[in-house]
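Notes follow the structure.
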Amino acid sequence: MLSKKTADRTRQLVNQYIVYHFDMDGVIARWNENVPLERVSAPGYFLTCDPQENIIQVMKYLQENGKQVRILGKVFNDRAAAEKRMWLKKHGVTGVPIQFITMDEDKGNYVDLAKFNVLVDDYTPNLMAFEAMGPGCMGIKFRNQVNGTKGRWQGPSISHEAKPHEIYEELVEAAESGLCDFHGRIFYPKSLIL
């Protein structure tokens, strides 16, 4: 049995090496399937989106427990990025580093591959491209009311209907398992090897 001091130090090391990245459209903000793409890219659209309250709460739980949380989303242009930043502030998502990339870029190109990265996203192609970056990248599908109907994603997933504490526990368990061994892929940051 580990002493409390050793257990606390181990938890700090684990927290140092796992980064939780959250997508915005369809994860932090609810996706409206009834809106045509022309409207989604129009000025002001994102400011009208409803928050996915349980995910916002999970992000806060992660931060309160010393975990690294980031927002990693795609945007059509600089105006959309500015609107998303305003939306985040309006809904109390603060103190979180934000990285917006263009629609044609892969999210895995914007993470620190020396760490273990977890991407919570609702779009399977984003998750597949992210995991293709290597063993330090794990995708977790956010199953909202729109997606998850084709069965392409075979990895871990969380439901939009789950309670915040359930999502938190599932994310942390998956990430900590993934840090050591996830789907047969091994990832050990050098500083964790004694």
Considering only protein heavy atoms, what is the solvent-accessible area of Glu131 at a probe of 1.4 Å, reported in Å² to the nearest 10? 50
So what's the back-of-envelope 222 nm ellipticity for the chain, counting only DSSP H runs of four-plus at -39500 (n - 2.57) apiece and dividing by all residues, rounded to 500? -10500 deg cm²/dmol
Hey, how many Å between the Cα centroid of region 141-166 and the Cα centroid of region 68-138? 17
The lysines whose Cα lies under 29 Å from the Cα of Lys115, excluding any fewer than 8 residues away in the same chain, are Lys4, Lys5, Lys60, Lys67, Lys74, Lys84, Lys89, Lys107, Lys141, Lys163, Lys190
Rounded to a whole %, the carbon-and-sulfur portion of the accessible area of the chain at a 1.4 Å probe is 53
With every protein chain kept in place and a 1.4 Å probe, region 62-106 has an accessible area per residue in Å² of 54
Given backbone amide H placed at 1.01 Å from N, residues whose amide H is under 5 Å from that of Gly26, ignoring those fewer than 5 places away on the same chain, are Trp31
Judged on accessible area alone, 1.4 Å probe, highest first, Arg39, Arg70 line up as Arg39, Arg70
Potential lengthening between Ala82 and Asp106 on full extension [0.36 nm per residue; Cα-Cα distance subtracted]: 6.6 nm
In a Debye calculation with equal point scatterers on the alpha-carbon sites of region 73-140 and no solvent, what is log10 I(q)/I(0) at q = 0.15, 0.20, 0.22, 0.28 Å⁻¹? -0.53, -0.89, -1.01, -1.22
Simple Cβ-charge dipole of region 5-134, Lys/Arg +1 and Asp/Glu -1, about Cα centre, in debye nearest 20: 660
For Met24, the accessible surface traced by a 1.4 Å probe with all protein chains present amounts, in square angstrom to the nearest 10, to 0
Percent relative contact order for the chain, counting Cα pairs under 8 Å at least six residues apart, stands at 23
Students sometimes get this wrong: rank Asp104, Asp121, Asp112 by accessible area, probe 1.4 Å, all chains present, largest first. Asp104, Asp112, Asp121
Using a 1.4 Å probe and counting only protein heavy atoms, arrange Asp106, Asp122 so the residue with the most accessible area comes first. Asp106, Asp122
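The values are calculated or read from the model by the stated rules, or taken from the named source; none is laboratory data. Keep in mind that this is a model prediction, so the values were computed, not measured. Note that we place each Cβ from the backbone using ideal geometry, even for glycine, and neighbour counts take in every protein chain shown. Just so you know, the surface numbers come from the protein's heavy atoms only, side chains and all, with ligands and any DNA or RNA stripped out. Shrake-Rupley method; radii C 1.70, N 1.55, O 1.52, S 1.80 Å.
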